[in-house]
Amino acid sequence: MNENIYQAPEAKLTDIEHDTDAYFFVVSVAKLIIMMIGSVGLYGIYWFYKNWKSYKFRHEVSLWPIPRAIFSIFFAHSLFYKIDTALNDNNVEYDWSPGGLATAYVIFSLCSSVFDQLSYREIGLPYVDYLSALALFVICYCLVQVQKAVNIFNGDVEGSTNNKITFGNVVLLVVGLLIWGLVIVDMFFRDWLL
């Protein structure tokens, strides 16, 4: 036994924040759908943040992932095209339309915001609530298509490295389910409550 009892223990240090093997954020499609729908779309902010953070880390560029995630409608085209460029540069085959998906994402995100504002002002109820929920499903569809490209590019088609629901995910889902509960009560039981 040649251990020096005064030497600090050695451990393999890894950067927990960054998956150094992933150029973009890997997540299973099933988890993405559950998190997007269950969190009323809030997971989308995290999804954009993680993708921009991975891109920043891998390419060592100066950009701010948090504002790009919060204001994703202004940066969706850029991110989707960066993913497409990475696919093309590495000869990875994936048939998709990054521009079309980004445009659909932006349009339906804006529509969802407008519908939410109309609902808040009690204009067009309950139809604007239905349209807002429908917009969330279209937004989710767009992100799922992009996620498939990301997973293929990273060599994890199934997203198995990130397919488990974590404690943080559960917290976000609880918040989302509370919001869904309020939305459902408002949509179907508004007359009874007034």
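The values are calculated or read from the model by the stated rules, or taken from the named source; none is laboratory data. Predicted model, so just to flag it, every value in this text is computed and none were measured. Cβ coordinates were reconstructed from backbone atoms using ideal geometry, including for glycine residues, and neighbour counts include every protein chain displayed.
Listed here are the residues, each with its yes/no results for (1) more than 21 Å from Ser72 (Cα to Cα); (2) assigned to a helix (DSSP H, G or I).
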{"residue": "Val128", "(1), (2)": "yes, yes"}
{"residue": "Leu136", "(1), (2)": "no, yes"}
{"residue": "Gln147", "(1), (2)": "no, yes"}
{"residue": "Val157", "(1), (2)": "yes, no"}
{"residue": "Val171", "(1), (2)": "yes, yes"}
{"residue": "Gly181", "(1), (2)": "yes, yes"}
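Quickly run through segment 40-74 and pick out the residues that are within 13 Å of Ile139 (Cα to Cα) and not in a helix (DSSP H, G or I). Can you show your working first?
Filtering segment 40-74 for residues within 13 Å of Ile139 (Cα to Cα) gives 40-45, 47-48, 72-73.
The answer is Val40, Gly41, Leu42.
Filter segment 30-49 for residues that are of a type in the set (Gly, Ala, Ser) and on the phi > 0 side of the Ramachandran plot and give the result.
Listed by number, the list holds a single entry, Gly41.
When the residues of segment 87-121 are filtered to those that are modelled with pLDDT under 95 and among the hydroxyl-bearing types (Ser, Thr, Tyr), which remaining residue is farthest from Ile179 (Cα to Cα)?
Here the answer is Tyr94.
Determine which single condition Leu131 fails, assuming it passes every other condition in (1) surrounded by 14 or more Cβ atoms within 10 Å (Cβ to Cβ); (2) farther than 24 Å from Ala104 by Cα.
With (1) surrounded by 14 or more Cβ atoms within 10 Å (Cβ to Cβ); (2) farther than 24 Å from Ala104 by Cα applied to Leu131, the lone miss is (2).
Restricting segment 156-170 to residues that are within 9 Å of Val26 (Cβ to Cβ) and of a type in the set (Gly, Ala, Ser), which is surrounded by the most Cβ atoms within 10 Å (Cβ to Cβ)?
Gly159
Between residues in segment 159-176 that are at positive phi and residues that are part of a helix (DSSP H, G or I) and of a type in the set (Lys, Arg), which pairs lie under 8 Å by C-beta distance while being six or more apart or on different chains?
Close Cβ pairs satisfying both conditions: Gly159/Lys31.
Return yes when Asn91 is out of contact with any helix residue (DSSP H, G or I) (no Cβ under 7 Å at 6 or more places or on another chain), under 20 Å from Tyr23 (Cβ atoms) and in a helix (DSSP H, G or I) and no when it is not.
So Asn91 fails the test.
What number of residues within segment 160-185 are in contact with a Leu (Cβ under 8 Å, 6 or more places away or on another chain) and farther than 14 Å from Ser39 by Cβ?
1
For the condition modelled with pLDDT under 95 and within 19 Å of Asn88 (Cα to Cα), what is the one hit in Gly124, Gly155?
Being modelled with pLDDT under 95 and within 19 Å of Asn88 (Cα to Cα) holds for just one of Gly124, Gly155, which is Gly155.
It is to be established whether one or more residues within segment 143-155 are surrounded by 14 or more Cβ atoms within 10 Å (Cβ to Cβ), within 30 Å of Trp96 (Cβ to Cβ) and among the charged types (D, E, K, R).
yes
Would you point out the residue of segment 159-169, among those that are touching a Ser or Thr at 6+ places or on another chain (Cβ under 8 Å) and assigned to a loop (DSSP other than H, G, I, E, B), that is nearest to Leu42 (Cα to Cα)?
Asn163
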